[in-house]
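Report on the following structure.
The values are calculated or read from the model by the stated rules, or taken from the named source; none is laboratory data. Since the model is a prediction, treat every value here as computed from it, not as a measurement. Glycine gets a Cβ as well: all are built from the backbone with ideal geometry, and neighbour counts include every protein chain shown. With ligands, DNA and RNA removed, areas are computed over all heavy atoms of the protein, side chains included. Shrake-Rupley method; radii C 1.70, N 1.55, O 1.52, S 1.80 Å.
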Amino acid sequence: MMSSETTILNYQALLNERKLCAAECPSCKTLMLPPRLFCTKCHKRGTRWKVLSGRGKIRSFTVIHIAATTHAADAPFVVVVVRLKEGPSITARLIGVNPLKPEDIKVGASVVADFEEASGPTSDQPDMRLVFRPYLVHK
Amino acid sequence: MINVSVVGAGQTKFGRHPEYDLRELFSIAALGAIDEAGIAPEDVEAAFIGNLSSDRFNDQCHIAPMMVDFAGMKGIPATKCEAACASSATALRAAILALESGLYDIVLAAGVEKMSDLPTPGVIETLAKAADNTFEATPGITFPGIFAVLAVAHMHKYGTTREQLAAVAVKNHANAVHNPLAQYQKEITLEKALSSRMVAWPLGLFDCSPISDGAAAVILVRTKDARKYTDAPVKIIASTQASDTMNLCDRDSLSTLYAAKTAAQKAYKQAKLEPRDIDFAEVHDCFTIAEIIATEDLGFFKPGQGGPAVEQGLTRIGAEKTINTSGGLKAKGHPVGATGISQLRELYLQLRNEAGKRQVPDADVGLAHNVGGTGASCAIHICQRW
Ligand SMILES: CC(C)(COP(=O)(O)OP(=O)(O)OC[C@H]1O[C@@H](n2cnc3c(N)ncnc32)[C@H](O)[C@@H]1OP(=O)(O)O)[C@@H](O)C(=O)NCCC(=O)NCCS
Ligand SMILES: [Zn+2]
């Protein structure tokens, strides 16, 4: 999978292997997440996958109380925009926090990527989805 | 410089309209504009119609020919324009460009949306499709959620408060009391706004524009012909549009909208004006935070000063910078595809001294700021009194 084309389909396939990857430009090394087929900076082709650490910081967040029909059963839940250590930024759910105590969630707090089974369409192997949880330093 | 003028404007009342079909809403607004311009439906040579999602809201695609046929304009070229909540400002821009091309002399620009056919979670789901479905809607973000993310970033960066957000709602509800076509013609108190139930933290019910049905339309001609139709045409002197990434996560800043800033800079250049020359503006307050960010992106207040400005009353009618005399999306209502033209209609009324109790004294120049989706589209128009 790691040598595959940096398409959105393959990004999901890598998530299913519990790997969070960005597309890397072969020339200027720009990292792109969501992945792209061309470099946003120098427009080069031939982007390749690079596995990310999953570590990052919260840029902003919200708690969804009134959700779309498709997500209503999960509400309330937290959505975060995270700046990853390697540079790119991505939007996902934040788990392991109390959605009813948003004041305890802080912009700038450290989080780490995790993978959860997405309750999705009827396939034998459900897709994994990216989530974040608070990064706790072990004492 | 743009050489197009508005010679007629029409609008339905915004709100829930179970009694009307989409085409009926459109025809009420379109014929209102046509009557006011003193023309007949047959005189209209082309129509551009904004609409976000008739396919999901009303199970109907390809609405433009259906709309013009129903309103007595069968046969003319009719085109739907879609840019999420900025759909009808892009329809307006398409109409302006069509007139500027010299191909037509009389063009209709309109917008229509009927959202209330779906239950609320269905509306929320449909609107979320105007964000990047794969990367942001699928994790569960909603439109209130998108603007809540911007609110949290703005609060973190500048210390903007929930009270300042609520002040936007209180002001816009107060303005809408004087707008007979507004969805909510009632005042609300700061306490009520602050204690409303959560929709997407930190945004509560009164931080949100409502679910609305409605239509708005204008008749446009070239400025040199405008006096043939009315003694008081309203000149459009700038029309600009810009785009940005769909995803919030792809943006450098979450406390400003790049497309709005870009479109604004181009608009001021086109009109040879500066922010201080604008007497009043209709801005896209789909959520209270959006009005605060808009007044900063448009250069009316410095970044971070939009919150204090509304709290100090600087954006009330007749104050330093009058914002959203119509009641804004918050209280006038937000039938998404109709909003851009409805904003233009408010400029038209104000610049003809026809805005009644919400009239801005001595208004010569007005601006309309219409944002689409996550801010991935923004279209801006500047109008001037004849
Ligand atoms: C906020 C929202 C979820 C509320 O919907 P809801 O929970 O179904 O609310 P209801 O329709 O049941 O209304 C309950 C009451 O609140 C009022 N109300 C609903 N929305 C309101 C709003 N935005 N502002 C003020 N009052 C509102 C209703 O009039 C009703 O009052 P009543 O009981 O006196 O008749 C819905 O308005 C919404 O989704 N708004 C955002 C729309 C949006 O995203 N637009 C695109 C922007 S880019
Ligand atoms: Zn590159």
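Of the residues A:82, A:63, the single one that is buried (at least 18 other Cβ atoms within 10 Å of the Cβ), within 14 Å of chain B (Cβ to nearest Cβ), closer than 21 Å to residue A:116 by Cα and within 16 Å of ligand 1 (Cβ to nearest atom) is A:63. The set of residues in region B:91-114 that are out of contact with any Ser or Thr (no Cβ under 6 Å at 6 or more places or on another chain) and surrounded by fewer than 24 Cβ atoms within 10 Å (Cβ to Cβ) comprises B:94, B:97, B:98, B:100, B:101, B:102, B:103, B:104, B:105, B:106. Residue count for region B:124-160 satisfying the condition of being in contact with a Ser or Thr (Cβ under 8 Å, 6 or more places away or on another chain), of a type in the set (Val, Ile, Thr) and within 12 Å of ligand 1 (Cβ to nearest atom): 4.
For region A:66-79: of the residues being more than 7 Å from chain B (Cβ to nearest Cβ) and over 18 Å from residue A:106 (Cα atoms), which is nearest to the chain's Cα centre (by Cα)? Working first, answer last.
First, pick out the residues of region A:66-79 that are more than 7 Å from chain B (Cβ to nearest Cβ): A:73, A:75-76, A:78.
Still in the running and over 18 Å from residue A:106 (Cα atoms): A:73, A:75.
Working: A:73: 21, A:75: 19 Å.
Looking at residues that are more than 7 Å from chain B (Cβ to nearest Cβ) and over 18 Å from residue A:106 (Cα atoms), I get A:75.
To keep it simple, each residue is scored yes or no on (1) of a type in the set (Ser, Thr, Tyr); (2) open to solvent by 10 Å² or more (accessible area, probe 1.4 Å); (3) within 16 Å of ligand 1 (Cβ to nearest atom); (4) within 14 Å of chain A (Cβ to nearest Cβ).
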site	(1), (2), (3), (4)
B:277	no, yes, no, no
B:284	no, no, yes, no
B:309	no, no, no, no
B:320	no, yes, no, no
B:326	yes, no, yes, no
B:332	no, no, yes, no
B:356	no, yes, no, no
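The condition of being assigned to a loop (DSSP other than H, G, I, E, B) and within 30 Å of residue B:204 (Cα to Cα) holds for only one of A:67, A:73, that being A:67.
Flag not set for residue B:218, criterion: open to solvent by less than 20 Å² (accessible area, probe 1.4 Å), in contact (Cβ under 8 Å) with a residue 60 or more places away in the chain and part of a helix (DSSP H, G or I).
Within region A:25-43, residues that are polar (S, T, N, Q) sit with their Cβ atoms under 7 Å from residues that are open to solvent by 60 Å² or more (accessible area, probe 1.4 Å) and more than 16 Å from ligand 1 (Cβ to nearest atom), at 6+ positions apart or across chains, in these pairs: A:27/A:44; A:30/A:40; A:30/A:41. Here B:61, B:85 are screened, and the one residue that is surrounded by fewer than 18 Cβ atoms within 10 Å (Cβ to Cβ) and in contact with a helix residue (DSSP H, G or I) (Cβ under 7 Å, 6 or more places away or on another chain) is B:61. The residues on offer are B:91, B:64, and the sole one that is at pLDDT 95 or above, in contact with a Gly (Cβ under 9 Å, 6 or more places away or on another chain) and of a type in the set (Gly, Ala, Ser) is B:91. Considered as a group, the residues in region A:32-56 that are touching a strand residue (DSSP E or B) at 6+ places or on another chain (Cβ under 6 Å) and away from chain B (no Cβ under 12 Å) include one that is nearest to ligand 2 (Cβ to nearest atom), and that residue is A:47. Checked against (1) of a type in the set (D, E, K, R); (2) more than 9 Å from every other protein chain (Cβ to nearest Cβ); (3) open to solvent by 30 Å² or more (accessible area, probe 1.4 Å), residue B:171 passes all but a single condition, namely (3). Is there a residue in region B:178-193 that is open to solvent by 10 Å² or more (accessible area, probe 1.4 Å), within 14 Å of another protein chain (Cβ to nearest Cβ) and in contact (Cβ under 8 Å) with a residue 40 or more places away in the chain? No, because not a single residue in region B:178-193 is open to solvent by 10 Å² or more (accessible area, probe 1.4 Å), within 14 Å of another protein chain (Cβ to nearest Cβ) and in contact (Cβ under 8 Å) with a residue 40 or more places away in the chain. Only one entry in B:262, B:223, B:245 is touching a residue at least 24 places away in the same chain (Cβ under 8 Å), open to solvent by 10 Å² or more (accessible area, probe 1.4 Å), within 14 Å of another protein chain (Cβ to nearest Cβ) and not hydrophobic (A, V, I, L, M, F, W, C), namely B:245. In summary, strands (runs of 3 or more DSSP E) completely within region B:1-94 and bearing 1 or more residues that are closer than 23 Å to residue B:349 by Cα and touching a residue at least 60 places away in the same chain (Cβ under 8 Å) occur at B:4-11, B:46-50.
Is it the case that residue A:112 is surrounded by fewer than 21 Cβ atoms within 10 Å (Cβ to Cβ) and away from ligand 2 (no atom under 16 Å from the Cβ)? Spelling it out, residue A:112 is indeed surrounded by fewer than 21 Cβ atoms within 10 Å (Cβ to Cβ) and away from ligand 2 (no atom under 16 Å from the Cβ).
Can you report the number of residues in region B:176-201 which are part of a loop (DSSP other than H, G, I, E, B) and away from ligand 1 (no atom under 14 Å from the Cβ)?
Looking only at region B:176-201, we keep the residues that are part of a loop (DSSP other than H, G, I, E, B), and these are B:177-189, B:195-197.
Okay, now just the ones that are also away from ligand 1 (no atom under 14 Å from the Cβ), so B:178-181.
Within region B:176-201, residues that are part of a loop (DSSP other than H, G, I, E, B) and away from ligand 1 (no atom under 14 Å from the Cβ) number 4.
Scoring residue B:121 on the criteria (1) open to solvent by less than 10 Å² (accessible area, probe 1.4 Å); (2) within 14 Å of chain A (Cβ to nearest Cβ) leaves a single failure, condition (1). For residue B:160, the conditions (1) farther than 20 Å from residue B:309 by Cα; (2) within 14 Å of chain A (Cβ to nearest Cβ); (3) in a loop (DSSP other than H, G, I, E, B) are fulfilled apart from (1). Do we have any residue at all in region B:208-220 that's within 9 Å of ligand 1 (Cβ to nearest atom), modelled with pLDDT of 95 or more, under 17 Å from residue B:328 (Cα atoms) and more than 15 Å from the chain's Cα centre (by Cα)? Scanning region B:208-220 turns up no residue that is within 9 Å of ligand 1 (Cβ to nearest atom), modelled with pLDDT of 95 or more, under 17 Å from residue B:328 (Cα atoms) and more than 15 Å from the chain's Cα centre (by Cα).
Quick test for you: out of B:142, B:138, B:134, pick the one residue that is within 14 Å of chain A (Cβ to nearest Cβ), surrounded by 24 or more Cβ atoms within 10 Å (Cβ to Cβ), away from ligand 2 (no atom under 16 Å from the Cβ) and free of Cβ contacts under 8 Å to residues at least 60 places away in the same chain. Full working, then the answer.
Values: B:138 fails: surrounded by 24 or more Cβ atoms within 10 Å (Cβ to Cβ); B:134 fails: surrounded by 24 or more Cβ atoms within 10 Å (Cβ to Cβ).
Residue meeting the stated conditions: B:142.
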